[in-house]
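Read-outs: derived from the displayed coordinates by stated rules, not from any lab. On a predicted model such as this, the values are computed, not experimentally measured, just so you know. Cβ atoms come from the backbone with ideal geometry, glycine included; neighbour counts cover every protein chain shown.
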Amino acid sequence: KGSPGAAQRSAVAALVALVPAFGEIGAACALLIANLVNFALVYYAVRRRVARIRFREQLGEALAAVCLAFAIFYGLAWMNGNVWIAAAVAGLAYGAVMLLSQGRRVHSLAKMVLKKAPARAVKESWAG
């Protein structure tokens, strides 16, 4: 019921429509379609019931990083033919762009997690 049900129905419909014609590429596209439908429905529900979500900046940065990674991957795979090297370099480029654009958030999250980790470890050691 709700968002997961709609995403599941869109996944099944996309699978039925795309897999016979396009095989595994169709399955990947169907999964992408289902995830996009799920994202849109969850975003709408959270925005309506909880709070407004500001995501354009983060989404733009992530899309730019993905586009750069795809360009690097296809360029390297076409030039040298080794998809594993191309995937590794593209993954590193994606990670670097995301770290540069989201560096402050990652740093503050890591600091928060590391600050709270010892207290959690102490609680677990006393509980056990």
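Dipole size in debye (nearest 20) for the chain around its Cα centre, Lys and Arg Cβ +1, Asp and Glu Cβ -1? Please list the in-between numbers first.
Values: 15 positive and 4 negative charges, 204 e Å.
Here the chain has a charge dipole of around 980 debye.
Overall, segment 1-72 carries a charge dipole of about 580 debye about its Cα centre when +1 sits on the Cβ of Lys and Arg and -1 on the Cβ of Asp and Glu, all other atoms neutral.
Toward the positive end of the charge dipole of segment 23-79, with +1 on the Cβ of Lys and Arg and -1 on the Cβ of Asp and Glu, the farthest Cα among Tyr44, Leu63, Gly26 is that of Tyr44.
Computed over the alpha-carbon pairs of the chain, the distance histogram in 5 Å steps reads 2, 9, 10, 10, 13, 16, 15, 12, 7, 4, 1, 0 percent, short to long.
When you filter the trypsin sites (Lys or Arg not before Pro) in segment 37-105 for DSSP loop state and at most 13 other Cβ atoms inside 10 Å of their Cβ, you are left with Arg52, Arg54. Dividing the summed -39500 (n - 2.57) terms of all DSSP H runs of n ≥ 4 by the residue count of the chain sets its mean residue ellipticity at 222 nm at -32500 deg cm²/dmol.
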